[in-house]
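Undergrad: Dropping the structure in here first, questions after.
The values are calculated or read from the model by the stated rules, or taken from the named source; none is laboratory data. As the structure is a computational prediction, the values presented were derived from the model and not from experiment. Neighbour counts are summed over all protein chains in view; Cβ atoms, including those assigned to glycine, are modelled from backbone coordinates with ideal geometry. Each accessible area value is taken on the protein alone, full model and side chains, heavy atoms only, with ligands, DNA and RNA left out. Shrake-Rupley method; radii C 1.70, N 1.55, O 1.52, S 1.80 Å.
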Amino acid sequence: MPDKPDASTVSEERIPASGSETMSLADASGEQVDVRSLAMRGLMVLAVLYTVYFAKPFLLPIVLATLFTLLLRPFVRALARVHSPEPVGAALVILALLGALGGTVYGLVGPAAAWIEDAPEMATRIESKVRPLLRPMAQMSQATEEVGQKIAAEDGTMTVQLKQPGFGSTILTQVESFLAIAVVVIILMYFLLASGDMFLRKLVKILPNFEEKRRAIEIANEIQHGVSRYLVTVSLIYTGLGVAVGVSMYLLGMPNPVLWGVVAGALNFIPYLGAMVTMVILTAVAILTFDSLLHAMLVPLVFSVITTIEGYVITPTVLGRRLTLNPVVIFVAMTFWWWLWGIVGALLAVPLLAVLKIVCQRVEPLNFIAEFLDE
């Protein structure tokens with residue numbers, strides 16, 4: 001007859017089973033916590049996107065003022081080295097900037113307004129010049145329109161077209177919105193430039209020990225100098241691009257070459273899309289200006305050569321690999337900011353991306369993000 005198991009043996013055999021069961025429950029509980037944490041992070045990301053999208057009237061002036069402050073900070077420092085107080089230096093720099101912008105706008109508003117006013121007539125003239133090339137497409141479009149009209153007549157349906165706001169009222173609304181944002185940006189920019197290193201001093205004051213204070217000063221100075229250097233360098237490169245385009249358009253006999261140089265330099269802040277828009281504009285103006293289509297095609301050809309040299313030779317050489325960005329990331333960022341803030345967001349996409357990369361390069365825990373943004 002077999003021996004009965006001892007009580008101690010039974011308890012010892014049951015302990016591992018109970019322990020393994022407890023472990024599996026702990027694992028399951030831990031998995032639930034991870035899923036919950038992941039869901040909370042996703043909701044937080046959606047909340048941030050929602051806030052950035054709908055808080056555009058509040059956030060946009062702050063972002064613009066911050067970027068302009070980083071751009072103009074070296075000039076204020078240069079004036080401070082000749083014993084000019086920072087509030088006075090900030091005022092002088094902002095007045096010089098407004099004077100330069102005002103003079104440029106005053107000189108270009110007349111030609112730009114004339115081109116905009118004549119846009120419908122120019123479209124008709126361009127169509128008449130390129131009609132022989134587009135005749136097959138026009139015939140197909142006309143056939144499609146006739147089929148649509150025949151179907152609508154047979155069904156007895158009536159098309160109702162809503163009246164859209166006029167072009168003049170749309171422009172007036174945009175100008176009013178721009179002026180309101182510009183006033184806020186200028187005021188905030190002055191206070192940021194005039195305050196100097198006030199915010200950095202406050203940050204150092206609240207840090208607990210000397211090592212953290214020293215590290216914070218080093219990181220802040222590196223970030224500020226890196227971002228300022230990038231913004232100044234890119235602005236000078238795009239200014240040079242505008243000058244080269246303006247001179248080229250003058251040599252090719254284009255009207256208002258200064259206007260096209262300014263347009264090319266400003267739109268180049270929007271990667272890829274800005275150059276494409278500029279090329280379309282220059283091609284249309286060239287077709288209107290020159291009788292020979294071959295002469296007109298020289299304009300986009302020369303512009304393509306200039307932008308190719310700038311994009312593949314000058315900018316990478318001047319900025320160096322440390323400040324180059326991944327083209328895929330640039331395109332995704334531009335699409336994202338265009339969706340959030342429209343054309344202004346597209347203009348800010350690359351500067352914001354460059355600022356993010358510079359910050360991540362100088363903060364060790366964020367180096368992996370800088371590596372992801374690198375070319």
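Undergrad: With every protein chain left in place and a probe of 1.4 Å, what is the accessible surface of Ser177, to the nearest 10 Å²?
TA: The accessible area comes out at roughly 60 Å².
Undergrad: Binning at 10 angstrom from zero up to the longest distance, how are the C-alpha pair distances of the stretch 189-330 distributed in percent?
TA: In whole percents, the pair-distance histogram is 10, 31, 22, 18, 11, 6, 2, 0.
Undergrad: Mind grabbing the accessible area of Met276 for me, 1.4 Å probe, Å², rounded to tens?
TA: 120
Undergrad: Probe radius 1.4 Å, ligands and nucleic acids left out: which of Asp374, Asp291, Asp197 has the largest accessible area, and how do the rest follow?
TA: Order by accessible area, largest first: Asp291, Asp197, Asp374.
Undergrad: In Å², and per residue, what accessible area does the stretch 226-375 have when probed at 1.4 Å with the other protein chains present?
TA: On a per-residue basis, the stretch 226-375 sits at 49 Å².
Undergrad: Here is a follow-up. Which of Ile330, Leu353, Ile281 sits closest to the plus end of the dipole of the stretch 227-375, meaning its Cα is farthest towards the positive end, when Lys and Arg get +1 and Asp and Glu get -1 on the C-beta?
TA: Of the options given, the answer is Leu353.
Undergrad: Out of the total accessible area of the stretch 208-367 (probe 1.4 Å, heavy atoms of protein only), what percent is carbon and sulfur?
TA: So the carbon and sulfur contribution to the accessible surface is 74 percent.
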